[in-house]
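Data first, discussion second: the structure below is written as structure tokens.
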Amino acid sequence: MRIGEVCLLTGNVARLAAFYSDLLGLPRTAGDDVHRTLLAQETMLTVYNDGSVKEGGGQNACLAFTVEDVDAEYRRLRAAGVTIVSPPEDRPWGARNLCCLDPDGNRVYLRSLRK
């Protein structure tokens, strides 16, 4: 068994899908205001409005993505005006992490793993 999809509930599908497309370096896809799927390798990230969450509804999820260079991503996100919760720092478990917020206030962690 493997994870096939992660779904984020939001009140503003277009805004949140655009944020994650830009974050993951994926093309922005056209779609409706209810459901958009971003494909990233074999796991899908879906942004969905089921009517239960208001726009900017707050912490609905926490996501972590592994990147090659967390410091370069930090500079890119700051330049794009993304809210940074904590800048890159070395963690005792062998990762260098940063934390930012998506437009709905969900925490997003980016990490580089030490080799």
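Every number here is computed from the coordinates shown, using simple stated rules; none is lab data. Quick caveat, the model's predicted, so the values are computed rather than measured. Neighbour counts are summed over all protein chains in view; Cβ atoms, including those assigned to glycine, are modelled from backbone coordinates with ideal geometry.
Worth a mention:
- Annotation: peptides 65-76, 12-23, 80-91, ranked by per-residue average of other Cβ atoms within 10 Å with the highest first, follow the order 12-23, 65-76, 80-91.
- Between Arg114 and Met44, the FRET efficiency from the beta-carbon distance, with R0 = 30 Å, is close to 0.55.
- Each Cα pair under 8 Å and six or more residues apart adds its sequence gap; the mean of these over the residue count of the chain is a relative contact order of 26 percent.
- Overall Cα dimensions of the chain - principal axes, largest extent first, Å: 41, 34, 23
- Highest mean first, the peptides 27-34, 105-112, 2-9 sorted by other C-beta atoms within 10 Å per residue fall in the order 105-112, 2-9, 27-34.
- Label zone at Leu63, where the point sits 7 Å out along the Cα-to-Cβ direction: region 85-102 residues whose backbone N lies under 13 Å: 100-102
- Helical contribution to [θ] at 222 nm, DSSP H n ≥ 4, -39,500 (n - 2.57), averaged over the chain, rounded to 500: -6000 deg cm²/dmol
- Nearest-ten-degree value, helix 70-79 long axis tilted from longest Cα axis of the chain: 50 degrees
- Estimated FRET transfer efficiency when R0 is 22 angstrom, pair Val6-Leu101 (beta carbons, to 0.05): 0.80
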